[in-house]
Amino acid sequence: MKKYLLSIILTAMLSMSLAGCGMTENESSSDSSGEKTTQTEESAATEAVSAETTKEQEKEVSTEAVTTEAESEISTEAVTTAAESEVPTEAVTTEAESEVPTEVVTTEAEIEISTEAPAETAEAKEVFALNGPMARKQNVSEFNNAKVPASFTMNDLVQAGDGTYTLTVTLYGYEYFSAKDITALTAGDTVYCLGTPVKVETAEISGDRVIINGGIENGGRVFRTNDNSVYYESGMNSAKSYYTIGVNTYTLAEDFTMTDNAVMESPKTYTADEFAALSDDVYGFRNRNTIVNTTDGVISSIVRNYTP
């Protein structure tokens, strides 16, 4: 009995003990389950945040990667563009450099041509006499008031029945040139003497003369001046280069005179009758030493000068 009661008491105590333990275990289990649930939710939230963070980082990485690639492409294009822009610059420079020697060579060639052949340039001048062939008076009737070189002999003087005298003379002219043109002659120019072209190789001014191509002794020409306004072609002993105008017959004026300077030490002057009494002499009446002066169609005077 005592054993039975003891057994019941022990059983009851054990049951109570077990019931107490059971509540504790349930509460502990409940608490543990709540904690586990809370930890799971916190873990899930953390993982969600981590996932979002990871996604955002991946997006940033992706964005940076894209940006890096874009910048890389832009950089590559920029480099390519710079490289391409340098190519035309080099090409232009090369063309410019290639043009420079060409221009220099052309300029040197032009200078050489001008130096070697000055006579063929457009600056070469042609000089004509002021009274050259186109300007000469060919009609002797135009020399009714003039001073004209002439030639005749005493046989050309004829006395008429009324006592008047007529004289047939050959009239001459000589070319004269502008002093400005003659003194400016240079190699390559051409001067026309009695219609004949003379190519100038050398020109030298010496006093009252301009010497072309070495002068008469060397087959050249000499031009001389008496007043520095005009030059005439001068031959040996300063003789002018004459051309024939024509032949004409004039009456001697009533107050006619002939001045003879052929002998420098004893010049003489003659009237018409005194002149008619003369005969031909060694000096002669030639275009080099004789000037006939006409006034109103008659011979007013004749002058014969000394010539060496």
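The values are calculated or read from the model by the stated rules, or taken from the named source; none is laboratory data. No experiment lies behind these values; they were computed from the predicted model shown. Neighbour counts are summed over all protein chains in view; Cβ atoms, including those assigned to glycine, are modelled from backbone coordinates with ideal geometry.
Scan the stretch 241-268 for residues that are aromatic (Phe, Trp, Tyr) and either at pLDDT below 95 or touching a Leu at 6+ places or on another chain (Cβ under 9 Å) (or both) and jot them down.
The answer is Tyr242, Tyr243, Tyr250.
Considering the stretch 276-308, the residues that are of a type in the set (Lys, Arg) and not in a strand (DSSP E or B) include one that is nearest to Thr170 (Cα to Cα), namely Arg286. When Asp273 is tested against (1) assigned to a loop (DSSP other than H, G, I, E, B); (2) under 24 Å from Asn155 (Cβ atoms); (3) without any contact (Cβ under 8 Å) to a residue 12 or more places away in the chain, just one condition goes unmet, and that condition is (1).
For the stretch 279-301, give me each residue that is touching a strand residue (DSSP E or B) at 6+ places or on another chain (Cβ under 8 Å), among the hydroxyl-bearing types (Ser, Thr, Tyr) and more than 12 Å from Lys147 (Cα to Cα). Residue satisfying the conditions is Tyr283 alone.
Gly215 falls short on exactly one of the conditions (1) touching a residue at least 12 places away in the same chain (Cβ under 8 Å); (2) surrounded by 15 or more Cβ atoms within 10 Å (Cβ to Cβ); (3) of a type outside the set (D, E, K, R), and that condition is (1). Going by what's in this entry, would Thr271 be described as in contact with an Asp or Glu (Cβ under 9 Å, 6 or more places away or on another chain) and either closer than 17 Å to Val169 by Cα or at pLDDT 95 or above (or both)? Yes. Using the structure shown, decide if Met258 is part of a strand (DSSP E or B) and more than 25 Å from Gly132 (Cα to Cα). It is true that Met258 is part of a strand (DSSP E or B) and more than 25 Å from Gly132 (Cα to Cα).
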